[in-house]
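The values are calculated or read from the model by the stated rules, or taken from the named source; none is laboratory data. Given the structure is predicted, the values throughout are model-derived calculations rather than measurements. Virtual Cβ from ideal backbone geometry, glycine too; neighbours counted across all protein chains shown. Keep in mind that these areas ignore ligands, DNA and RNA; they rest on the heavy atoms of the full protein, side chains included. Shrake-Rupley method; radii C 1.70, N 1.55, O 1.52, S 1.80 Å.
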Amino acid sequence: MTFKDLKELSTTGDRRCALLFNFNNKDLMTIKNIFRLIGIRDVIILKNDNLNTTIKDILDNNLLEDSEEKINSRAIIFNNIESRKISAVSDNLKRLKVQRPLMAAVTETSINWDLKNLIYNLQEEAISLNSSKVSIHKN
């Protein structure tokens, strides 16, 4: 039996990056500038075409472009990014008056979801938070 420090374990791969879903060019530029200042260098741009791709495949650069569905929500999904950097992104978006997107961090569970499922769960969570109801994630 071997033991490892929890800080050394990575269930979502070692790639430190942010996934940006459904942003217009102006907001993309603003967000990329914020990321540059904070030290997030690896950015993956996603569109509705990519909704059928699992998060794991996205992180491995294996994007599917076969979805015909359309989701209007915008999202930032962080993978292996420190919480202080995520907070700094959120603070800067607010300061620069960028409409707040859905935000999440990749987890052991969500890494196996397709992008569409993750976005839908984030939408449900946002509705829940706004209405003070409890939300249960759907697989």
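Expected output is a single nm value to one decimal: the length gained when fully extending between Asp49 and Asn112, i.e. 0.36 nm times separation in residues minus the C-alpha distance. What is it?
My answer for the length gained is 20.9 nm.
With every protein chain left in place, what is the accessible area per residue of the range 54-94 in square angstrom, probe 1.4 Å?
Roughly 58 Å² per residue, with all protein chains present.
What size of dipole, in debye to the nearest 20, comes out for the range 14-139 about its Cα centre when the only charges are +1 on Lys and Arg C-beta atoms and -1 on Asp and Glu C-beta atoms?
Dipole size: approximately 800 debye.
Rounded if a/c is under 1.5, else prolate if a/b beats b/c, else oblate: with a ≥ b ≥ c from the C-alpha gyration tensor eigenvalues square-rooted, which is the range 8-69?
Here the range 8-69 falls in the oblate category.
For a quick check of your reading of the filter: which trypsin sites (Lys or Arg not before Pro) in the range 29-87 sit in a DSSP loop and have no more than 11 other Cβ atoms within 10 Å?
When the trypsin sites (Lys or Arg not before Pro) of the range 29-87 are filtered for loop state and at most 11 Cβ neighbours within 10 Å, Arg41, Lys70 remain.
Apply 1/(1 + (r/R0)^6) to the Cβ-Cβ distance of Gln123 and Leu96, taking R0 = 22 Å, and write down the FRET efficiency to the nearest 0.05.
After rounding to 0.05, the efficiency reads 0.40.
When a/c is below 1.5 the answer is rounded, else prolate if a/b is larger than b/c, else oblate, so apply that to the range 51-110 with a ≥ b ≥ c taken from the square roots of the Cα gyration tensor eigenvalues.
Oblate, since a/c reaches 1.5 and b/c is not below a/b.
Count charges around Lys56 for me, please; just the other residues with Cβ under 14 Å from its Cβ, Lys/Arg as +1, Asp/Glu as -1.
-4
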